[in-house]
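In what follows, a structure is listed as structure tokens, so that the remarks can point back to it.
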Amino acid sequence: MAVRITTLSENTASRLGLLAEWGLSILVETDTTRVLLDTGLSISAAHNADAMRIDLSGIGKIVLSHGHPDHTGGLRDILRKTGEVEVIAHPHVWGKYIRPEGRRARYMGIPFCQAELESLGASFTITRNPVQISDEIMTTGEIPLTTEFEEVEFRNAYVEEDGNWLPDQLLDDQGLIIKTEVGLMVILGCAHRGIINTLRHAQKLTGEETIHTVVGGTHLMRCSEERLERTISALKEFGIVRLGVSHCTGFPAAARLAHGFGDIFFVNNAGTSLIWPEEEG
């Protein structure tokens, strides 16, 4: 099975003609399946797909890693290219708010109403559970907090559920898992629930211990020194072959990861394309 992972939108861009924008969108393609994880903040994912001559009309699924607008704001423009498509998301993707003390609440979920997106061809599958997209690809669903050092860090964030305001534990945070002959490839949105928690959950869901590739946001940009060191130590135990970080990792943490992982590390920005098996010459 061949796998291609192409980043359509990210905070930085790898070449002329591509837009950089705070957010993330990653296209996963295998021999039989095309899945888009997230849609960026606004126009960048759709623009960059055109610039890279990627036809989005054949995408079978869109998976939303969580509801924040920097991962869902490009959904309307993407749907105008895909037409009818299933969108897999968690129940919390809409009811998200930031409520700074002494200030009015600010909505932080998908920046479009569901009816408008459905009129553009979106068919929503709303679930907390993992979704098997194909024989090789699945979503993580909700990710349990199992490590001692990873916790959800998003200040003044709340989710509205059944008329109640609850502290947002970002239960909607999820990623994609691809099973290959060389091990798992895990695609992260923001890893709000922790990159190590996510990778261990992927192992448990699939029964596969080997993790070959990790790509996406790691949400280490404001983490403590202790958490960063423990994360690096835990990552090394997986024996990862390719580690590409994006978006919410932050430059200081990315530099530390680059130092710790050497040649297997790369910055996964807009325009980056990974192919397995690797093409020769």
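What the table below lists for this structure:
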read-out	value
Tally of residues being loosely packed, with under 14 Cβ neighbours inside 10 Å and touching a helix residue (DSSP H, G or I) at 6+ places or on another chain (Cβ under 8 Å) across the range 149-169	1
Identity of the residue in the range 94-139, among the β-branched types (Val, Ile, Thr) and either at pLDDT below 90 or part of a strand (DSSP E or B) (or both), that ends up nearest to LEU199 (Cα to Cα)	THR139
Among (1) at pLDDT 95 or above; (2) of a type in the set (Lys, Arg); (3) under 19 Å from ARG256 (Cβ atoms), the one test that ARG222 misses	(1)
Selection from the range 235-253 of residues that are buried (at least 18 other Cβ atoms within 10 Å of the Cβ) and part of a helix (DSSP H, G or I)	LEU235, PHE238, HIS247, CYS248, THR249, ALA253
Among the residues listed as GLY194, GLY207, the single one being surrounded by fewer than 20 Cβ atoms within 10 Å (Cβ to Cβ), out of contact with any Cys (no Cβ under 7 Å at 6 or more places or on another chain) and on the phi > 0 side of the Ramachandran plot	GLY207
Where GLN114 falls short, out of the listed (1) in contact with a helix residue (DSSP H, G or I) (Cβ under 9 Å, 6 or more places away or on another chain); (2) among the polar types (S, T, N, Q); (3) over 23 Å from THR6 (Cβ atoms)	(1)
Criterion (at pLDDT 95 or above, within 23 Å of GLU136 (Cβ to Cβ), in contact with an Asp or Glu (Cβ under 8 Å, 6 or more places away or on another chain) and of a type in the set (Ser, Thr, Tyr)) met by exactly one of THR72, THR7, THR39	THR39
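The values are calculated or read from the model by the stated rules, or taken from the named source; none is laboratory data. Everything numeric here is computed off the predicted structure, so don't read it as measured data. Don't worry about glycine lacking a Cβ; one is built from the backbone with ideal geometry, like all the others, and counts go over all protein chains shown.
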